[in-house]
Amino acid sequence: ILNVEQSPQSLHVQEGDSTNFTCSFPSSNFYALHWYRWETAKSPEALFVMTLNGDEKKKGRISATLNTKEGYSYLYIKGSQPEDSATYLCAFCGGDGNKLVFGAGTILRVKS
Amino acid sequence: NAGVTQTPKFQVLKTGQSMTLQCAQDMNHEYMSWYRQDPGMGLRLIHYSVGAGITDQGEVPNGYNVSRSTTEDFPLRLLSAAPSQTSVYFCASSRTGVAEAFFGQGTRLTVV
């Protein structure tokens, strides 16, 4: 069973703070690393899909980096807003490239 | 576009009953999968399919059956419900195994 770890488990920040989360995954048989945003009472929605070592992706105030050799990815949120409150999931695609293994997620709460 | 449609949204079963969770997608995606979400454990893969007529087991397949007779549909069958199957179930589809996954709205199942 592949192990995907996310830290921290939860995070409470003030509006305007910048924050970052970590996703650790196996460094062998890498196909892709996904980040999803999951709001309460909704379904997970993809933020980024990264496939190459050194990839950096950005969408508005959210960005992500990827290091496949050491098996980690960082998600950054600049100037957090209350609407950023959600659970952020990472998912590793490895092995035969047909399955996603999800981490347990990081719960972010942004106070105004 | 409807995307990924799951039914029902809520279901209560008695121990030993059987039922089928329906999942349909209209994006012509080859890959479909079923996950269960339990507190503190993230999304765990139950079964997946890489195309019509092809299915395979994920991390937690026991007690569940799937079939994929068409590209659009991927039903999940609970053969004899047990309280341990109380969970939120998500169906997802993607263009390939590596591409971003699109999720249904989830089914909250309670087995009493």
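The values are calculated or read from the model by the stated rules, or taken from the named source; none is laboratory data. Values in this document were obtained by computation on a predicted structure and should not be read as measured data. Neighbour counts run over all protein chains shown; Cβ positions are idealised from the backbone, glycine included. Surface accessibility is based on the protein's heavy atoms, side chains included, excluding ligands, DNA and RNA. Shrake-Rupley method; radii C 1.70, N 1.55, O 1.52, S 1.80 Å.
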Count - residues of the range A:44-82 that are under 22 Å from A:Glu15 (Cβ atoms), of a type in the set (Lys, Arg) and in a loop (DSSP other than H, G, I, E, B): 2
Scope the range A:24-41; condition away from chain B (no Cβ under 11 Å) and either surrounded by 12 or more Cβ atoms within 10 Å (Cβ to Cβ) or of a type in the set (A, V, I, L, M) (or both); matching residues: A:Ser24, A:Phe25, A:Pro26, A:Ser27, A:Asn29, A:Arg37, A:Glu39
Residue list for the range B:61-78, restricted to those being within 12 Å of the chain's Cα centre (by Cα) and open to solvent by 30 Å² or more (accessible area, probe 1.4 Å): B:Asn65, B:Ser67, B:Asp73, B:Arg77
Condition met for A:Leu33 (assigned to a strand (DSSP E or B), modelled with pLDDT of 95 or more and aliphatic (A, V, I, L, M)): yes
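Conditions tested, residue by residue: (1) acidic (Asp, Glu); (2) surrounded by fewer than 20 Cβ atoms within 10 Å (Cβ to Cβ); (3) free of Cβ contacts under 8 Å to residues at least 24 places away in the same chain; (4) over 18 Å from B:Gly106 (Cβ atoms).
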residue	(1), (2), (3), (4)
B:Gly3	no, yes, no, no
B:Ser18	no, yes, no, yes
B:Met32	no, no, no, no
B:Ser49	no, no, no, yes
B:Ile54	no, yes, yes, yes
Qualifying residue in the range B:97-105 (condition: within 30 Å of A:Asn29 (Cα to Cα) and either hydroxyl-bearing (Ser, Thr, Tyr) or open to solvent by 40 Å² or more (accessible area, probe 1.4 Å) (or both)): yes
Members of the range A:83-109 that are in a loop (DSSP other than H, G, I, E, B) and either among the hydroxyl-bearing types (Ser, Thr, Tyr) or more than 21 Å from A:Asp17 (Cβ to Cβ) (or both): A:Ser85, A:Gly95, A:Asp96, A:Gly97, A:Asn98, A:Gly103, A:Ala104
Among residues of the range A:51-86, those that are surrounded by fewer than 19 Cβ atoms within 10 Å (Cβ to Cβ), within 14 Å of chain B (Cβ to nearest Cβ) and not charged (D, E, K, R), counted: 2
Filtered residue count, the range A:42-64, keeping only those that are aliphatic (A, V, I, L, M) and more than 19 Å from A:Ala104 (Cβ to Cβ): 4
Residue satisfying all of: in the range A:93-112; more than 11 Å from chain B (Cβ to nearest Cβ) and open to solvent by less than 60 Å² (accessible area, probe 1.4 Å); farthest from the chain's Cα centre (by Cα) among these: A:Val110
Test for B:Phe10: is it within 13 Å of another protein chain (Cβ to nearest Cβ) and in contact with a Pro (Cβ under 6 Å, 6 or more places away or on another chain): no
